[in-house]
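Report on one structure; see the data block that follows.
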Amino acid sequence: MTSATAQVTRGDATPGRRRARPGPRIRDIQRAERRKLTAQLSTRLLALVCALGPLAFAGLLSLQNGVPADTLFGVWVHSSGYAVSLVVLGFSGSWGFPVIAGVLAGDVFSGEDRHGTWKTVLTRSALRRDVYAGKVLAAAELAVGLVALAAVSSTVGGLAFTGDQPLVGLSGTMLSPGHSLELVALSWAASVLPTLAFVALALLFSLATRNGIAGAVGPVIVALVMALLDLIGNGTWVHAALVGSAFSDWHGLFAAPPFLQPLLVGSLVSVVWTAGGLALCARMLGRRDFAGAGAPRAARWTRAGALVVIAVAAIGLLAAGTQLGPTTITTRRLQASLTPTFNRLAPVQQRELGRRVPVGTRLRIQPTCLRRGGGAAGPGDDWTCTLDVFIPQAGIEPFQQTPVTYDMSVQANGCYKATSPPSFVGQQLMRDTHGHEVVNPLYTIYGCFETDG
Amino acid sequence: MTDALRGTPSALASTPSPGSAPPDGGPAPAALRATGIVKAFGGTRAVDDVDLTLAPGEVRGLLGPNGAGKTTLLRSLFGLVTPDAGTIELLGRRQVAGDRPVLEGVAGFVEDPRFYPYLTARANLEVLALFDGGAAAPPIDAVLHRVGLGGRADDRVSGYSTGMRQRLGIAAALLRAPSLLLLDEPTSGLDPAGARDVAELVRSLSAAGVAVLLSSHQIGEVGSICDAFTVLSRGRVVWDGTAAQLRDQAPVSAFELATTDDGAARRLATEHPHVEILDGPDGRMRLTGAQAAVDAFVVALGREDVAVRRLELVMSPLEAMFFTLTEQPPLELEPP
Ligand SMILES: Nc1ncnc2c1ncn2[C@@H]1O[C@H](COP(=O)(O)OP(=O)(O)O)[C@@H](O)[C@H]1O
Ligand SMILES: [Mg+2]
């Protein structure tokens, strides 16, 4: 026998040195699963995209004049690096995070089916529930890592290519660079919980379908359906319960005063989705027989068909349910938000144009918001707000009344984009006193209000 | 696999077998005791009321033709499937009903061993060691060397042949320093030298107190290394006993016979009650009978001036017995 062979003994084989509970710790299994995940091409590509994608996006933005105006903070990407990071966060929220969750975790279980390795891992010392826990923890930690990577990359990219100028908040206030950085970090951190909810969904798809493609695409489709449901109905309940909208709940941080309720509700909803998904997975895995050749083809198609029917029915029910609960978007709330925001931004614009505006100046504004399509509530692109602005002037009439009309695009979560025709507020870009082109803060206004305030 | 597997008793001998030394000094508990195992898929009972016991150090062959339920029985023992009925005791640990068995000390594989193709053999074993409890840190190189994969340790498993995966499967089992080894068709996919290496490995493990269950659909592959056999047919145990008992009960061999006058040989066979000449699938004559009767018959042929041109053993007594037990007509099966 070779001397190497003589070492084939187990270090902890002596009974006295054995741990109280035999077998591996969950931490060991998590390490193994992390190693498997990070050895896969899909995970490595994902890491590359998260690390370089936002950086490249920031670089490309700096090379051209266009702005992604439809996304919150989009018009500010050339004015503050923090806006770049928040725009990336906005994109990630609509499909980026679900893609990360799907590609990372969508093959965690189905990969064992594809490689036929369930029997390999389940015939070791590890208990089945510990194998499950290790897999979940590994997927979760890598998901958090990828979100952090994207956060750092987008912020570094924004600061490097645009700079650390102050940021215009979502109530028209100027946020200092330090405060902006804090809020940007908090916003990225807030997307961790909903991302984990989508990781749980990816795991569920992976385990239930035994198919890596379904595991990767499933969460993205769910996110898409949730985004569509977000466009209809004006009730609070279903919208709040859909975890997809939790990705944008950070917006309240940038309002003045900041509001945290959506963030707390969204986090709670994320936790509930995560727990629900993981519990379903645990049950499914715990009961599963690993009997080799899977169910016959016909049975699989029947099951897939049944799933589609159930999914369609669920979406129908949810769509009907979007009306349930108190209304989210009302004329009163919209007017109460746009008016002070405009009032804060007007002096900003005037000062940039070189006009002296005394501190504390307030315009008198009479707002009127309505939907062109009729009705006075609900999210949509057909809102218009007319602000009758009373500008102080010298002469017999102390005020000159000027109407300003904004086209409003209002989302179910209370965030809106207001765009004005140039007749009153001027063009999108204007020249400041130094002759530099700057963004006209009144041309596109982003704002958010509390939907239950 | 050559030298590393051969000869000397395994270092695994130093691993205390939980079953080998009961604290009360009573009889050693079985390494494996399964009683009344039933597992049905839909309407078919793949395993039907099977009892199976292995003493420490025992090497038992689990025999049966394809579809007999060998793999399903092993899956039940590993907890990969939940049996519909029955109790399982592994290394003295009684499995709690409704719970998965604790596999500490139990190693092996079912069907073809599978690994992560995107990892190297070494990385695969490192990952699997973590599933065993990372602190033990077994010497992976030694195990790989022992199954003859030392030189290919850093190749990705995606490039491995079936036989190499089979060897890696054995390495993965050895990594656990098992006290109970359950191997499903371990020699399938191996060349004759590999099969011989597995046999020697099993013998050395057994000498070190490891109980080994080997499944096979061909008794020829494992017949020589087993102390005992359990024969399954259609999910049921049709025979259970020691190798010696099997030999006692299976005295008949089959030979392929060619003579200068086949007609005369057939005629003469009818006069010898203890031998029989049948037609094999290839049209050649098959002579069956106990060794002594066959000897007498050959001498008689010579006396009748019929020369024997060919007399070749095509089926050992064990094989003939195996085929009888599993209700398959022996002569229609491929020669070993
Ligand atoms: N997953 C499964 N689904 C349905 N039937 C199965 C399944 N696995 C095995 N069987 C059936 O159970 C019987 C025993 O199979 P198996 O245990 O694989 O036999 P062996 O390993 O002895 O060849 C066969 O009839 C087989 O068709
Ligand atoms: Mg089999």
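The values are calculated or read from the model by the stated rules, or taken from the named source; none is laboratory data. Please read these numbers as outputs of a predicted model, since none were measured by experiment. Counting neighbours? That spans all protein chains shown, and the Cβs are built from the backbone with ideal geometry, glycine included.
Couple of notes before you dig in:
- Taking the stretch A:386-453 as the region of interest, the strands (runs of 3 or more DSSP E) fully inside it that hold 3 or more residues being surrounded by 15 or more Cβ atoms within 10 Å (Cβ to Cβ) and of a type outside the set (K, R) are A:399-410, A:415-419, A:444-448.
- Conditions (1) within 12 Å of chain A (Cβ to nearest Cβ); (2) more than 16 Å from ligand 1 (Cβ to nearest atom): number failed by B:G169: (2)
- Scanning the stretch B:60-75 for residues that are more than 10 Å from every other protein chain (Cβ to nearest Cβ) and either crowded, with 23+ Cβ neighbours inside 10 Å or near ligand 2 (Cβ under 9 Å from one of its atoms) (or both) yields B:R60, B:G61, B:L62, B:L63, B:G64, B:N66, B:G67, B:A68, B:G69, B:K70, B:L73.
- Residues of the stretch A:112-138 that turn out to be farther than 21 Å from B:D99 by Cβ and either more than 8 Å from chain B (Cβ to nearest Cβ) or touching a Pro at 6+ places or on another chain (Cβ under 6 Å) (or both), as a count: 5
- Within the stretch A:89-104, not a single residue is within 14 Å of another protein chain (Cβ to nearest Cβ), in contact (Cβ under 8 Å) with a residue 12 or more places away in the chain and over 25 Å from A:Q411 (Cα atoms).
- Exactly one residue out of A:L363, A:L280, A:L353 is more than 14 Å from chain B (Cβ to nearest Cβ), surrounded by 12 or more Cβ atoms within 10 Å (Cβ to Cβ), under 29 Å from the mean Cα position of the chain (by Cα) and touching a residue at least 24 places away in the same chain (Cβ under 8 Å): that is A:L280.
- Of the residues A:Q411, A:Q428, A:Q393, A:Q401, the single one that is without any contact (Cβ under 8 Å) to a residue 12 or more places away in the chain and either within 27 Å of A:P358 (Cα to Cα) or not assigned by TED's automatic domain parsing to the domain that holds A:L263 (or both) is A:Q393.
- Condition check for B:D99: within 16 Å of ligand 1 (Cβ to nearest atom), within 21 Å of A:W118 (Cβ to Cβ), within 14 Å of chain A (Cβ to nearest Cβ) and surrounded by fewer than 22 Cβ atoms within 10 Å (Cβ to Cβ): no
Residue-wise test of (1) surrounded by 19 or more Cβ atoms within 10 Å (Cβ to Cβ); (2) at pLDDT 95 or above; (3) out of contact with any Asp or Glu (no Cβ under 7 Å at 6 or more places or on another chain); (4) of a type in the set (G, A, S).
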| site | (1), (2), (3), (4) |
| --- | --- |
| A:A4 | no, no, no, yes |
| A:R17 | no, no, yes, no |
| A:R21 | no, no, yes, no |
| A:L37 | yes, yes, yes, no |
| A:G93 | yes, no, yes, yes |
| A:A101 | yes, yes, yes, yes |
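- Every condition in (1) part of a helix (DSSP H, G or I); (2) under 26 Å from the mean Cα position of the chain (by Cα); (3) facing chain A (nearest Cβ under 7 Å); (4) in contact (Cβ under 8 Å) with a residue 12 or more places away in the chain holds for B:D141 except the one numbered (2).
- Test: residue in the stretch B:72-93 that is in a loop (DSSP other than H, G, I, E, B) and among the hydroxyl-bearing types (S, T, Y): yes
- Candidate set: the stretch B:76-96, residues that are in contact with a Gly (Cβ under 7 Å, 6 or more places away or on another chain) and within 14 Å of chain A (Cβ to nearest Cβ); chosen: the one surrounded by the most Cβ atoms within 10 Å (Cβ to Cβ): B:L91
- Flag for A:L149 being farther than 20 Å from A:G218 by Cβ and either of a type in the set (F, W, Y) or within 14 Å of chain B (Cβ to nearest Cβ) (or both): no
- Verdict on B:P186 being at negative phi, in a loop (DSSP other than H, G, I, E, B) and within 16 Å of ligand 1 (Cβ to nearest atom): yes
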